[in-house]
Amino acid sequence: MLTTRFAPSPTGRLHLGHAYAAWFAADLAATNAGRFLVRLEDIDQQRCRPAFAAAIDEDLAWLGIPGDEPVRRQSDHYADYATALARLTSMGLIYRCYLTRRRLNAIFAAPHGTPAAGEVVFNTDAALPADERDRLAAAGAPYALRLRCRAALARTGPLTWHDRVAGSQNVRAEMIGDVVLARKDSPTSYHLAVTVDDAAQGVTLVTRGRDLFAASHVHRLLQALLDLPVPEYHHHRLITDSAGRRFAKRDQAVTLAALRAEGHSPQDLREMVGL
Ligand code: GLU
C-alpha cells in the first residue's frame with residue numbers, strides 16, 4: 001500500500017509551504033487508496049515547543065488532513081535511534097569528531113572559501129593530533145559522532161535510489177561526507193531519525209521539498225547499512241512568495257493561523273499554492 005508522510009518540526013507555526021507539502025503527500029495517498037501519516041520531528045530540544053506541536057495538530061485538522069494514524073513523535077523513540085547507532089558503531093563506522101564548527105571551517109574550507117565548508121567533510125578525526133584528541137576526550141569536551149562515509153560505501157557497494165521527477169540516482173560520497181549522526185549531548189540527528197522512522201512507519205514514498213534532495217543520498221546509505229526497506233522519493237517544488245523567496249517560519253503573515261483568521265478557507269489556500 002502506498003504510504004506517504006508529512007514530517008514537520010514543531011519550531012514555529014505552519015505556513016503555506018507546509019500546507020503544500022502536507023497536501024502533496026495527502027493527495028498522493030488519497031488518489032492511490034494509500035495511507036497518509038504525520039510525524040513530529042521534535043528531536044531539537046532547544047527549538048521545539050509543545051505549543052507548536054499542538055498548533056500543528058490544529059492546523060492539519062483545519063486543512064482536513066489530520067493523518068490516518070496517531071502522530072508519531074520522534075522524542076518518544078530515542079531508544080530506536082540508539083539501537084541503530086549502536087549497530088553502525090559495531091560495524092566500526094562511527095567516530096568522534098572533536099572539531100568545533102569554526103575549526104572545521106578553518107581546516108576544511110576550500111581555497112576559494114566555499115560556504116558549505118564544514119558540511120561535506122571526510123575523516124575529520126585525522127585533522128587533530130592524537131595528543132590533542134586525547135586531551136579533549138579526558139576533559140569531557142563535546143564531540144559529534146560521524147559516519148565514516150567512504151568506508152560505509154565500500155561496505156555496501158554501489159547504491160541507487162529513485163526520484164519520481166529526477167529519475168534514478170547513484171549514491172555519491174561527495175553528496176554525503178562523514179555526516180553527523182549524533183552528538184555527545186544529542187542522541188540522534190535528523191538523518192538517523194528520519195531513516196529509522198520512515199522504515200518503522202512503513203513509508204513507501206517519501207515526499208519533501210527539493211531543498212532536501214541531497215539528504216536522500218545519506219538516507220539511502222543508512223538504509224543499506226541498517227537493512228531497511230528503500231522507499232521511492234518525490235522531491236517537490238518549494239513554495240515561494242511573489243518575490244521568489246521561500247517562506248520561513250519567521251514570516252508571520254503567511255502562517256495558516258493568520259490566513260485562517262483573515263477568513264480564508266482551506267480551498268483558498270490550495271489555490272494560493274497552485275493545487
Ligand atoms: N522535518 C523536515 C522539515 O520540516 C522534513 C523532513 C523530511 O521530510 O524528511 O523540513
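The values are calculated or read from the model by the stated rules, or taken from the named source; none is laboratory data. What you see is a predicted model, and the numbers here were worked out from it, not measured in a lab. Positions of Cβ are generated from backbone atoms using ideal geometry, with glycine treated the same way; all protein chains shown enter the neighbour counts.
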When you scan region 55-174 for strands (runs of 3 or more DSSP E) that lie fully inside it, which ones turn up with 2 or more residues that are of a type outside the set (A, V, I, L, M) and free of Cβ contacts under 8 Å to residues at least 24 places away in the same chain?
167-170
Can you tell me which residues in region 10-40 are in a loop (DSSP other than H, G, I, E, B), surrounded by 20 or more Cβ atoms within 10 Å (Cβ to Cβ) and under 16 Å from the mean Cα position of the chain (by Cα)?
10
Considering each of 211, 125, 134 in turn, give the residue that is modelled with pLDDT under 95 and more than 20 Å from the chain's Cα centre (by Cα).
125
If you scan region 26-46, which residues turn out to be out of contact with any strand residue (DSSP E or B) (no Cβ under 8 Å at 6 or more places or on another chain), more than 11 Å from the ligand (Cβ to nearest atom) and at negative phi?
27, 31, 32, 46
Output the qualifying pairs, or none if there are none: Cβ atoms under 9 angstrom, residues six or more apart or on different chains, first residue in region 11-24 and within 12 Å of residue 52 (Cβ to Cβ), second residue outside any loop (DSSP other than H, G, I, E, B) and within 11 Å of the ligand (Cβ to nearest atom).
13/56; 14/22; 14/56; 18/6; 18/56
Condition first: in contact with a Gly (Cβ under 8 Å, 6 or more places away or on another chain), under 16 Å from residue 21 (Cβ atoms), at pLDDT 95 or above and not aliphatic (A, V, I, L, M). Can you find one or more residues in region 187-199 that meet it?
no
